[in-house]
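Reading through the structure tokens given below for one structure.
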Amino acid sequence: MILMKTSTGLLLAAIFCLVSGLISYATATGQAVIGPHPVSLEAQRVAIADSTFWWVGSFLVAAIVVRVVARKRKAKAAT
């Protein structure tokens with residue numbers, strides 16, 4: 001049961017990351033500064049999209065793994 005809750009929590013975290021990534025992408029202004037050099041709007045949006053993709057992908061993979069383990073444990077307990 002705890003693993004299914006963990007899986008659901010990971011899915012919710014993935015949704016949160018996706019929504020916050022979309023908001024960040026939509027509101028990017030290109031005013032970011034890394035070191036002494038300003039960053040262009042395109043570069044800022046690419047960085048946001050890339051980061052969002054990897055965070056959401058990581059949470060989804062983790063949720064799938066946890067769900068598979070939970071189902072295997074449930075099937076093993078039933079026998």
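In the chain, helical runs assigned H by DSSP with n ≥ 4 each contribute -39500 (n - 2.57); averaged across all residues and rounded to the nearest 500, the mean residue ellipticity at 222 nm is -29000 deg cm²/dmol. Label-to-label distance for V33 and V68 is 4.7 nm, based on points extended 7 Å past Cα in the beta-carbon direction.
Taking the chain as a Gaussian network of alpha-carbon nodes connected by springs under 10 Å, the highest mean-square fluctuation of the residues I23, I34, I15 belongs to I34. When Rg and the Kirkwood radius Rh are both evaluated on Cα atoms of the chain, their ratio Rg/Rh stands at 1.25. Cα axis of helix 41-78 to longest principal axis of the chain: angle in degrees, 0 to 90, nearest 10? Long axis of 41-78 versus the principal axis of the chain: about 0 degrees. Please identify, among V56, V39, V66, the residue showing maximal mean-square fluctuation in a Gaussian network model of the chain using a 10 angstrom Cα cutoff. Of the options given, V39 has the highest mean-square fluctuation. Under the criterion of Cα pairs below 8 Å and six or more residues apart, the relative contact order for the chain equals 45 percent. Ligands, DNA and RNA are left out, and with a 1.4 angstrom probe the accessible area of the chain is 77 Å² per residue. Helix 2-26 against the longest principal axis of the chain: what's the angle in degrees, Cα atoms only, rounded to the nearest 10? Orientation of helix 2-26: about 20 degrees from the principal axis.
The values are calculated or read from the model by the stated rules, or taken from the named source; none is laboratory data. For clarity, every value in this text was computed on a predicted model and none was experimentally measured. Note: ideal-geometry Cβ built from the backbone for every residue, glycine included; neighbour counts use all protein chains shown. With ligands, DNA and RNA removed, areas are computed over all heavy atoms of the protein, side chains included. Shrake-Rupley method; radii C 1.70, N 1.55, O 1.52, S 1.80 Å.
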